[in-house]
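**Student:** Here it is, the structure, as structure tokens.
The values are calculated or read from the model by the stated rules, or taken from the named source; none is laboratory data. Note that this is a predicted model, so its numbers are computed, not measured. Here the Cβ is made from the backbone with ideal geometry for all residues, glycine too, and neighbour counts use every protein chain on show. Remember, those area values only see protein heavy atoms, side chains included, never the ligands or the DNA or RNA. Shrake-Rupley method; radii C 1.70, N 1.55, O 1.52, S 1.80 Å.
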Amino acid sequence: VYTAKAIFDIDTNDYNVPEPMSCEWTIEKADPDIRTLRWDYAQPFVYDGSEKSVTLAGVPETLDVELSGDTAYAAGDYTAHADLIPRDPDNYNAPAIRDCGWKIVKADYDMSAVKWDYSRAKVYNGRGQSVMLEQLPNGVFAEYSGNEATDAGSYTASAVLTVADPDNYNLPKVSDCDWEIDRADYDMSACKWDYKPGMFIYDGSR
């Protein structure tokens, strides 16, 4: 805010000298051009254990930025806030930008190699037999039902999966396994008839 003052002088004796006049005038602060300012966040991040962050793009040279809530490691919902600070606060207003809601979503375990260790029917042997899942990723655990049996028959094995880090990983699922124990064949290799030619001669008896 300024004050201008005019002091008059005259070159004649026919008029009185006018009283000085003053004017209070203002140069208002400018608004920084933030038309290109935007959050660089387009879609949720997927958890992988590394730091994720959002930031502002298109910041004009007339502004400094202080961010909060802009970095995180774990899956969850977050809000990033930006304080926009003019480098010349005497001549520029401090603009504002909306907060950015962003998230890190839970990751999926790679279950592509997981399979049941069953390819063909087992054979009864008098002992307990079972099927299980192979190549479970680290951090994934299985609780089985219907996967153990002793007698010949048809069975269905199922597995309920749990994870070590449920806050950051989705719970995977696996299909059931239909499996069988076939009846066994007796070992008849040593079995033979106790007869030799000429062994019997008729004598009227049985």
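**Student:** Among the residues of region 97-138, which ones are of a type in the set (G, A, S) and either closer than 25 Å to D182 by Cα or modelled with pLDDT under 95 (or both)?
**Tutor:** S119, A121, G126, G128, S130
**Student:** Right, here's the next one. Among the residues of region 87-104, are any under 26 Å from V174 (Cβ atoms) and in contact with a Lys or Arg (Cβ under 6 Å, 6 or more places away or on another chain)?
**Tutor:** Checked against the condition, which is being under 26 Å from V174 (Cβ atoms) and in contact with a Lys or Arg (Cβ under 6 Å, 6 or more places away or on another chain), region 87-104 yields at least one hit.
**Student:** Being of a type in the set (A, V, I, L, M) and in contact with a Phe, Trp or Tyr (Cβ under 6 Å, 6 or more places away or on another chain) is the filter; apply it to region 134-156 and report the residue that is farthest from Y73 (Cα to Cα).
**Tutor:** Checked region 134-156; the qualifying residue farthest from Y73 (Cα to Cα) is A152.
**Student:** Mind listing just one residue for me: the one in region 91-105 that is hydrophobic (A, V, I, L, M, F, W, C) and part of a strand (DSSP E or B) and, of those, surrounded by the most Cβ atoms within 10 Å (Cβ to Cβ)?
**Tutor:** So, considering only residues that are hydrophobic (A, V, I, L, M, F, W, C) and part of a strand (DSSP E or B), the one surrounded by the most Cβ atoms within 10 Å (Cβ to Cβ) is W102.
Rundown of residues vs (1) outside any strand (DSSP E or B); (2) under 29 Å from P44 (Cβ atoms); (3) among the acidic types (D, E); (4) over 22 Å from the mean Cα position of the chain (by Cα), yes/no style:
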{"site": "M111", "(1), (2), (3), (4)": "yes, yes, no, no"}
{"site": "S119", "(1), (2), (3), (4)": "yes, no, no, yes"}
{"site": "Y144", "(1), (2), (3), (4)": "no, no, no, yes"}
{"site": "A159", "(1), (2), (3), (4)": "no, no, no, yes"}
{"site": "T162", "(1), (2), (3), (4)": "no, yes, no, no"}
{"site": "K173", "(1), (2), (3), (4)": "yes, yes, no, no"}
{"site": "D178", "(1), (2), (3), (4)": "no, no, yes, yes"}
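**Student:** For D88, indicate whether it is surrounded by fewer than 14 Cβ atoms within 10 Å (Cβ to Cβ) and not in a strand (DSSP E or B).
**Tutor:** yes
**Student:** Does A82 satisfy the criteria of being among the hydrophobic types (A, V, I, L, M, F, W, C) and more than 30 Å from N168 (Cα to Cα)?
**Tutor:** no
**Student:** Still on this model: Residue by residue through region 147-195, note down the ones that are under 30 Å from K52 (Cα atoms), surrounded by fewer than 14 Cβ atoms within 10 Å (Cβ to Cβ) and β-branched (V, I, T).
**Tutor:** T162
**Student:** Name every residue in region 39-66 that is open to solvent by less than 60 Å² (accessible area, probe 1.4 Å) and either in a strand (DSSP E or B) or free of Cβ contacts under 8 Å to residues at least 12 places away in the same chain (or both), in order of residue number.
**Tutor:** Residues satisfying the conditions are W39, F45, K52, S53, L56, A57, L63, V65.
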